[in-house]
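Since the structure comes first, as structure tokens, the remarks are kept for the end.
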Amino acid sequence: MPDPTPMEIPTMQVACDVNGESFTRDIPVDMPLLEFLRDVLGLTGTKGACLEGECGSCTVLVDGETINSCLMLAAQVNNRSVTTIEGLAAGTELDVIQDSFVATGAAQCGYCTPGLIMSARALLNDQPDISESELLTALEGNICRCTGYASIIEAVKRAHRESQNA
Amino acid sequence: MIQQVTTTESDQTLDAPIAPADHLVGKSCRRVDGQEKVTGAALYGADLFPNSAELFASVVRSEHAHANIVSIDATQALEVAGILGVYTHADVGGTNIHGLIRRDHPALASKRVRYFGDSIAVVVAKTERAAKLGRDKVAVTYEPLPVIATMEQAIAEGACKLYPEGNVMGDKRIRKGDVERALADSHVVVSDTFFTQTVDHAFLDIEAGTGHWDGQVLTLYVAGQWVHEERRLIALALGLPVEQIRIIQPVTGGAFGGREDISIQIYLGLAALKHQGKTIALRYTRSESMRARHKRHALKIESTFGANADGMLTAAKIVVYSDEGAYASTGIAVMRKAASHATGPYCVPNVEVDVYGVHTNNNPTGAMRGFGACQMAIAYEGMMDRVARALDMDRETFRRKNLIQSGDTVTTGQRIDPVSVGLCLTKAIQKFKDQPYPGSDHLPAHIKRGWGMSAICFGLGYGDGFPDCSRARVELSDSGIATVYTGGVEVGQGLLNAMMQIAGEELGLPFESMRIVAADTELTDESGSSSATRQTYFTGNAVRMAASELREQVLDIAGIKLKVHPHEITLQHGWAYETSNSNNRVRMEKICTEGLTRGYSLKATALFKPRTIVEIPNTGQSPRAFITYLFGAHVSQVLVNIETGEVKVERHIAAHDVGKAVNPQSVEGQIVGGVAQGLGMALMEEVTYRDGRIMNPGLTDYIIPTIKDLPPVEAIIVEHDDPGGPFGAHGVGEPPLIGAVPAILSAIYDATGKAPCELPMSPERTWRLINEVCENDPLSKVF
Amino acid sequence: MFHQPMTFEHALDLRSELGTDATVINGGTDVVVAMNHGAIKPTTFIDVSRIKALRGIEKQNGHLIMGAGVTFADLGKMHFRALREASLSVGGPAIRNMGTIGGNIATASPAGDGCVALLAMNAEVQLSSKARGDRWMPLVDYFIDYRKTALADDELIKAVRVHNNPRSRWYKIGKRGAVNISLVCCAISQNENNKTELAFGCVGPIPKVAPKASALLTGETLTPELIDDVANLVTHEVAPIDDQRGTATYRRAMCSTLTKRLLTQLMEDAPKGDADA
Ligand SMILES: Cc1cc2nc3c(=O)[nH]c(=O)nc-3n(C[C@@H](O)[C@@H](O)[C@H](O)COP(=O)(O)OP(=O)(O)OC[C@H]3O[C@@H](n4cnc5c(N)ncnc54)[C@H](O)[C@@H]3O)c2cc1C
Ligand code: FES
Ligand code: FES
């Protein structure tokens, strides 16, 4: 099959809800959600570090579930709702997980941070009680090259404690 | 990059007591860049694209590991819709060469390519898709040359030469005493050969940035590790005066040495110069990043150590071959670091070390966390375990007999005082023994538990007379806010906080009154690289010196206001008060306003430039090879599945003397993070080549530790004031990785009774070790 | 074009109309990886991820039927131990929320963990087309050669089924603690009649069963001696190759090691009754 030139990629209209706001855009059918969020909507908080599902930096929530936005096509979120890191803080008030990441020093270079926070958010949304092993499993798809994870684990535990006390 | 703390404290009224002394040094202040990093607001290189990218660039790379370039034909590429230009070496205005020490690396190859990642042309287009399509249509004709895939091939008789001088890039040596005689007289002599692997930095934030030329200034937003030196290299290659280049470091997602060499800067600069007024964007994919970037040197280390019957080391004879890859990068310095750290923190009276750097058609090898010292620690600590076993002596006892003490010399002849390696080892082992691991003692027969240790040293800074200095500027504003200006780059390690805390401590200001501007060649002065574990020490000293000069100005002004001698004044939490009467006081704002109206500068700059001494080439001896030494010791406990070779690190303790922990949370983060990278190097990470081509250029097959691989790492911060460091601090970046790898290998040795000598100890290698399967191993090697 | 059928029938219509011109996509964890690598450049998609009928798990005449769109996250909650553990070993949680068993079977990678677990459980796969309707076939017959399967160009995978209550064990050797591509993987299951089946991943071009070893075990009570014999025999039934992840020597040895370990577990757990949960 000859290489399609950039112009030959068919486009389609996608309507979705991102962080509570509705968007309708014409996009190429083969565009990954990650590219849509970053390059089309300008939401660059979601990162990409591998584009093969291995690092988790691109983790976002689609209808409340974590997915790797580098591997979902934007077309697939038609009529669905997406939550990204930009959707967590209420104004200047940080989400308790975000605050905990700062408090424990879990964001060193910070590149893995948005993805990790989204994975942690899904975990805390789902479960009132979490065991150590559930916590590790929830974060196992998110690579961090800087921290060695200890401060990240501490951050999620702190956030969990704080949200239970709240 | 301008950083400021967003929370402000409520105003203190005049009668309120002054807040207690807030010692910023030693306090885990919240990271100043934390908020923007957790909200996704931080802008890393590629995050600049949506708002600024107008044109996109892409790089044409060699399809051969070694070849002559016969022709480069851009005709077809130029026909692709949206393509605006294809640029080759002929379009580069300057030397077209870069290289941190030896300038040997063409920005765009003209005649010859020496590795698969070598760059040949830059394509500029209206969209990224078009740029990549155009890139794939640039037709390069090659005349293939024999590929030198291994060091063995490189030094073989009649091997194809990568350079006219041949394939040996250089050598470094140590000569001390009479090794042959000492070995002959030794009670035991033990030899082994270690093979360390090629390692990738695998920082998450892939190379990406923008470039813009307005006819006067070329502005580059690209993450590096030493923006001022990068500016020089770009200027030379592109033929621009340095003054016409401005580099601004975007928020940076890790470096670990991987941003020391030039990456995308020259391509972006070239593209920008050709498209005046347009902002050019360029980003790599993970595979391009891995294919293009330098790597950690793979070393073959032949070690022979002798000891007498009392367990005292007598001699060490070490020969090292280092895969330098296609270009020199920082290789020469890595070789020297390997030589000067060949016997680690041990007293060895007779030493002979030869390090040979060998060019191959693999990726260039250069800086990565640990920089030569890391590989040597694997060998010398491996040898400590082996010699102890040969002597039938306990591993710890044997180490302790031979560890240097304060006032002893290391292998370069440099006398070190104070030495804290013994203390680190004591603390680590004590913790290990006093708080037993809670895990079960009842293991199935196929699971073996073992523990190991390591003791390491690390010379801080570039050393060996290599120019090394840092500058800093600190300014006070009308409102009593202090701003620190540093050329140093924040790559995640916590440099910004450290510098703000040091300056704040000196000025008696709360953290909230501190600001920092970093790594912008226009706004900040040169502070050397964020590498060699040097920033806390070097830039920290410069910042402290500048702040201390400001402090004098502040005290002078306050003295006039408070009508007391400046020496009778305390600066605390934004106030100056008479030490014996805190009611006689004045706020920093008032002092600053007063000072500025009276003509005080309230600005100070400082230069910190300690000297080191270049070694005597024939012996490698130098009375001051490094400005100071860092020490650490680790204990690791592993479970080995002897049937499958799987290894699980159950527990890891790392004790490091950091002088003084400026921000203990950051220090702990560096220690645990370093252990994680060490664990990766010990057990899983490995760039594999086939005939110079990387076989695993992605995170699917270049695997790095997940959260499930790390045990809870126990970090012990040892604080042993460094007399030369700011507030006694020295640094911590590299040593934790260096200590982690040999401790894990030592634990595997303990668990299996077999001494590992090849990295990484993947399940298969561990299984081979246990079962002594050494039939020809088809896994790729660079030896 | 991007087609997003809401019913399986509509999907079959599209499939028969578009054939290989359209790329079927569900979780995208194989398809989009290949796109991101530039290995494929599809411009027409049939997205089956919205078809509710493909997401069902139901019991029927002693069988458990799983729709092709059941995700690894769903399978991770099942009581079949081998399938559950295999599913939970796939990627991280986000990958498991996306990746489907149908996609795993369609990709037919020799490292496909879902495929290996299902093979050991004597699974059958249901293929459907507009023209010829549904057909069930043993999964073992479905895999033909490296990434070549019995799926026709107008067919879709509809479901996969296994007998209700096998006891099963599974183990995968990887290079790290999570998100592992297998170096070798082994699954074993045993039904009420002591029929025991073994399957392996990464030991040849397709997920592989070991019929001779299985035959040796059939109807027998597990003993250490028998287990040793079987563990020896499997090394002759697998044909692993050297690749950059590992060597044939190691993989062959591991097939034997894992066989022995998993059968021993089954033997030791047998007195506890169905210790599958
Ligand atoms: C990071 C990562 C880790 C992974 N780890 C593992 C692992 O440990 N073990 C493992 O086995 N796999 C692993 N995988 C691969 C695994 O996720 C896939 O094989 C998954 O099962 C594919 O399902 P999908 O729904 O995502 O398929 P897609 O990518 O959507 O499709 C895969 C293939 O199946 C076809 N297809 C999908 N549905 C149907 C259908 N109903 N009928 C016909 N054809 C169909 C598609 O056309 C395509 O050819 C991993 C993948 C990633 C990215
Ligand atoms: S970018 Fe999506 S997982 Fe790495
Ligand atoms: S903080 Fe740098 S990758 Fe996690």
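Brief remarks follow.
- Given (1) under 25 Å from C:A178 (Cβ atoms); (2) away from ligand 1 (no atom under 11 Å from the Cβ); (3) more than 14 Å from chain A (Cβ to nearest Cβ), index of the condition C:E85 fails: (3)
- Of all residues in the stretch C:23-39 being hydrophobic (A, V, I, L, M, F, W, C) and more than 9 Å from ligand 1 (Cβ to nearest atom), the one that is nearest to the other protein chains (Cβ to nearest Cβ): C:M35
- Any hit, the stretch B:433-451, residues being in the same structural domain as B:L639 (by TED's automatic domain parsing), closer than 30 Å to B:P723 by Cβ and either buried (at least 16 other Cβ atoms within 10 Å of the Cβ) or in contact (Cβ under 8 Å) with a residue 12 or more places away in the chain (or both): no
- Candidate set: the stretch A:119-134, residues that are in contact (Cβ under 8 Å) with a residue 24 or more places away in the chain and either at the interface with another protein chain (Cβ under 9 Å from one of its Cβ atoms) or more than 17 Å from the chain's Cα centre (by Cα) (or both); chosen: the one nearest to ligand 1 (Cβ to nearest atom): A:S119
- Against the list (1) more than 7 Å from every other protein chain (Cβ to nearest Cβ); (2) away from ligand 1 (no atom under 16 Å from the Cβ), the condition A:T44 fails is (1).
- Checking B:A271, B:A202, B:A235 one by one, the residue that is modelled with pLDDT of 95 or more, away from ligand 1 (no atom under 16 Å from the Cβ) and surrounded by 23 or more Cβ atoms within 10 Å (Cβ to Cβ) is B:A271 and no other.
- Of all residues in the stretch B:203-222, those satisfying the criterion of being within 14 Å of chain A (Cβ to nearest Cβ) and either part of a loop (DSSP other than H, G, I, E, B) or without any contact (Cβ under 8 Å) to a residue 24 or more places away in the chain (or both) are B:F203, B:L204, B:D205, B:I206, B:E207.
- Subset of the stretch A:25-72 that is of a type in the set (A, V, I, L, M) and under 17 Å from A:C144 (Cα atoms) - its residue that is nearest to ligand 3 (Cβ to nearest atom): A:A49
- B:T343 vs. criteria touching a helix residue (DSSP H, G or I) at 6+ places or on another chain (Cβ under 7 Å) and either closer than 26 Å to B:A159 by Cα or surrounded by 24 or more Cβ atoms within 10 Å (Cβ to Cβ) (or both): yes
- Any hit, the stretch C:122-134, residues being among the basic types (K, R), touching a helix residue (DSSP H, G or I) at 6+ places or on another chain (Cβ under 8 Å) and either surrounded by fewer than 18 Cβ atoms within 10 Å (Cβ to Cβ) or in a strand (DSSP E or B) (or both): yes
- One residue stands out in the stretch B:268-312 among those that are in a loop (DSSP other than H, G, I, E, B) and under 26 Å from the mean Cα position of the chain (by Cα): the one that is farthest from B:G94 (Cα to Cα), namely B:A298.
- Residue within the stretch C:142-155 that is more than 14 Å from every other protein chain (Cβ to nearest Cβ), more than 25 Å from C:V70 (Cβ to Cβ) and modelled with pLDDT under 95 present: no
- All positions within the stretch B:654-672 that are touching a Phe, Trp or Tyr at 6+ places or on another chain (Cβ under 7 Å) and surrounded by fewer than 24 Cβ atoms within 10 Å (Cβ to Cβ): B:K660
- Whichever residue in the stretch C:189-234 is among the β-branched types (V, I, T) and farther than 15 Å from C:F143 by Cα and, among such residues, is surrounded by the fewest Cβ atoms within 10 Å (Cβ to Cβ): C:T221
- Within the stretch B:49-58, being more than 13 Å from chain A (Cβ to nearest Cβ), part of a strand (DSSP E or B) and in contact with a Lys or Arg (Cβ under 7 Å, 6 or more places away or on another chain) holds for one residue alone: B:L55.
- Flag if B:N68 is more than 12 Å from every other protein chain (Cβ to nearest Cβ) and at positive phi: no
- Set A:E154, A:E140: member being within 16 Å of ligand 1 (Cβ to nearest atom) and either within 27 Å of B:G254 (Cα to Cα) or aliphatic (A, V, I, L, M) (or both): A:E140
- Of the helices (runs of 4 or more DSSP H) entirely within the stretch C:208-277, those holding at least 3 residues that are small (G, A, S) and more than 11 Å from every other protein chain (Cβ to nearest Cβ) occupy C:211-217.
- Yes/no for C:I105 being in contact with a Cys (Cβ under 7 Å, 6 or more places away or on another chain), more than 16 Å from ligand 2 (Cβ to nearest atom) and within 18 Å of C:K158 (Cβ to Cβ): yes
- 1 or more residues among the acidic types (D, E) and at pLDDT 95 or above: qualifying strands (runs of 3 or more DSSP E) within the stretch B:77-171: B:139-144
- Residue match in the stretch C:156-165 (condition: surrounded by fewer than 24 Cβ atoms within 10 Å (Cβ to Cβ), within 20 Å of C:I101 (Cα to Cα) and at the interface with chain B (Cβ under 9 Å from one of its Cβ atoms)): no
The values are calculated or read from the model by the stated rules, or taken from the named source; none is laboratory data. Remember, predicted model here, so these are calculated numbers, not experimental data. A quick note on method: Cβ atoms are made from the backbone with ideal geometry, for glycine too, and the neighbour counts reach across all protein chains shown.
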